[in-house]
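Worksheet for the structure shown next.
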Amino acid sequence: MKDQWFFSRHRGALTLSALLVLAGCASKSPAPTGERGGQTTTAGAPIASKDLYTVKRGDTLYSIALDHGLDYRELVAWNNIDNPNRILVGQSLRVRAPGAAAATEAVVVRPISTGTSVEQRSLGTSAADLLKREPRAGKEPYSEQALARAQAQAVDPVPVTPVVARPEVKPEVSPAARVEAKPEARPDSRPDASGDASAGIEDVAWIWPANGKLIGTFSEGGNKGIDINGKAGDSVLAAGGGKVVYSGTGLRGYGKLVIVKHNNTYLTAYAHNQNVLVKEGQSVSKGQKIAEMGNTDADQVKLHFEIRRQGKPVDPLKHLPQR
């Protein structure tokens with residue numbers, strides 16, 4: 001009776017508790033994937049942090065591409081960006097091609113097989129075992145004398161003369177018949193002007209991009225290149241052969257800008273031009289006129305010239321020939 005009374009009185013509270021438990025279980029749904037600014041990331045396909053760049057205030061897609069030594073169109077493709085002129089502060093952009101990291105092959109270490117088995121024999125032999133051997137002339141009957149001889153042989157075995165392996169004698173080859181081995185040709189790994197030995201593999205034979213006077217030099221954390229003065233309309237030349245990866249005014253402080261990609265290591269930038277004579281995607285040769293000097297986004301007529309090694313500005317005077 002007491003149990004029925006307790007259940008009847010508390011039935012409502014028990015029912016409410018059961019409903020709350022069921023509601024809690026139903027609310028545990030999978031976390032949704034997020035999409036922001038054209039890039040989709042899921043929990044099942046994480047991207048390594050070294051392959052991502054977080055957009056900061058003042059960044060543009062073009063400045064990010066320049067700082068990473070990339071063509072901005074690569075960023076557009078890798079991040080599914082619809083409008084290159086609109087990126088968000090805090091947005092994560094992939095700055096490395098998907099699958100660019102080479103897979104490291106596992107090295108399997110296996111023991112060296114000699115291909116032959118080694119028979120193991122006991123070093124000691126008892127007198128009884130010697131008596132059990134069958135001599136060439138027949139079996140020896142047991143006797144006290146035979147046992148004594150067997151024990152003597154076991155104590156003082158017959159010495160074994162070791163066999164010395166003699167080196168194989170090869171016929172002498174006359175000097176006329178010898179073929180001189182030539183060293184294997186290797187890529188040019190001479191250090192470039194900055195002293196980096198690895199840079200010589202993709203180094204460029206640079207020329208000066210303009211004929212004016214040097215009025216500004218490179219400084220770490222300051223001027224990212226050099227400045228050359230001149231008159232409006234003076235020729236701006238490609239410092240090396242390559243492909244135009246940018247032509248426009250999308251980088252603040254550079255005015256009308258041309259960027260040429262020479263190889264996977266080097267980019268050059270030509271800023272403040274009055275007129276640009278090349279288009280994006282166009283191949284240019286060393287010494288080709290690509291622009292005319294001007295003062296766009298500058299306080300005087302000049303060419304601002306940068307050399308970028310894997311996106312990092314380097315001192316052009318360490319690469320350009322002396323004049």
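The values are calculated or read from the model by the stated rules, or taken from the named source; none is laboratory data. Source: prediction; values computed, not measured. Virtual Cβ from ideal backbone geometry, glycine too; neighbours counted across all protein chains shown.
Looking at (1) modelled with pLDDT of 95 or more; (2) of a type outside the set (Gly, Ala, Ser); (3) touching a Leu at 6+ places or on another chain (Cβ under 7 Å), which is the one condition that is false for Leu251?
Here Leu251 meets the rest and fails (1).
Give Gly241, Gly233 a once-over and let me know the one that is in contact with an Asp or Glu (Cβ under 9 Å, 6 or more places away or on another chain) and either among the polar types (S, T, N, Q) or at pLDDT 95 or above (or both). Break it down stepwise before answering.
Details: Gly241 fails: in contact with an Asp or Glu (Cβ under 9 Å, 6 or more places away or on another chain).
Criteria check complete, one pass: Gly233.
Please verify whether region 269-281 includes one or more residues that are in a loop (DSSP other than H, G, I, E, B), in contact with a strand residue (DSSP E or B) (Cβ under 6 Å, 6 or more places away or on another chain) and within 19 Å of Lys318 (Cα to Cα).
Scanning region 269-281 turns up no residue that is in a loop (DSSP other than H, G, I, E, B), in contact with a strand residue (DSSP E or B) (Cβ under 6 Å, 6 or more places away or on another chain) and within 19 Å of Lys318 (Cα to Cα).
Return yes when Lys231 is among the basic types (Lys, Arg), surrounded by 16 or more Cβ atoms within 10 Å (Cβ to Cβ) and not assigned by TED's automatic domain parsing to the domain that holds Gly69 and no when it is not.
Values: among the basic types (Lys, Arg): yes; surrounded by 16 or more Cβ atoms within 10 Å (Cβ to Cβ): no; not assigned by TED's automatic domain parsing to the domain that holds Gly69: yes.
No; evaluated as a whole, the condition is false for this residue.
Condition (residue is assigned to a loop (DSSP other than H, G, I, E, B), under 29 Å from the mean Cα position of the chain (by Cα), under 28 Å from Arg96 (Cβ atoms) and not β-branched (Val, Ile, Thr)) applied to region 291-308: is it met by at least one residue?
From region 291-308, those assigned to a loop (DSSP other than H, G, I, E, B) are 295-301; that's our starting set.
Narrowing the set further to residues that are under 29 Å from the mean Cα position of the chain (by Cα) leaves none.
Looking for residues that are assigned to a loop (DSSP other than H, G, I, E, B), under 29 Å from the mean Cα position of the chain (by Cα), under 28 Å from Arg96 (Cβ atoms) and not β-branched (Val, Ile, Thr), one finds none in region 291-308, hence no.
Identify all residues within region 223-249 that are more than 29 Å from the chain's Cα centre (by Cα) and in a strand (DSSP E or B); write none if there are none. First the steps, then the outcome.
Initial filter on region 223-249 (more than 29 Å from the chain's Cα centre (by Cα)): 223, 226-238, 247-249.
Listed by number, the residues that qualify are Ile226, Asp227, Ile228, Asn229, Ser235, Val236, Leu237, Ser247, Gly248.
Determine, yes or no, whether Leu257 is within 23 Å of Tyr72 (Cα to Cα), without any contact (Cβ under 8 Å) to a residue 24 or more places away in the chain, of a type outside the set (Asp, Glu) and in contact with a strand residue (DSSP E or B) (Cβ under 8 Å, 6 or more places away or on another chain). If you could, list the steps in order and put the result at the bottom.
Values: within 23 Å of Tyr72 (Cα to Cα): yes; without any contact (Cβ under 8 Å) to a residue 24 or more places away in the chain: yes; of a type outside the set (Asp, Glu): yes; in contact with a strand residue (DSSP E or B) (Cβ under 8 Å, 6 or more places away or on another chain): yes.
It is true that Leu257 is within 23 Å of Tyr72 (Cα to Cα), without any contact (Cβ under 8 Å) to a residue 24 or more places away in the chain, of a type outside the set (Asp, Glu) and in contact with a strand residue (DSSP E or B) (Cβ under 8 Å, 6 or more places away or on another chain).
Quick one: is Glu220 farther than 24 Å from Arg73 by Cα, at pLDDT 95 or above and acidic (Asp, Glu)?
Details: farther than 24 Å from Arg73 by Cα: yes; at pLDDT 95 or above: no; acidic (Asp, Glu): yes.
Judged against the criteria, Glu220 is not a match.
Going by the structure shown, is Lys289 exposed (fewer than 15 other Cβ atoms within 10 Å of the Cβ) and closer than 16 Å to Asp71 by Cα? Walk me through how you get there before you give the answer.
Details: exposed (fewer than 15 other Cβ atoms within 10 Å of the Cβ): yes; closer than 16 Å to Asp71 by Cα: no.
Considered against the rule, which asks whether it is exposed (fewer than 15 other Cβ atoms within 10 Å of the Cβ) and closer than 16 Å to Asp71 by Cα, Lys289 comes out as no.
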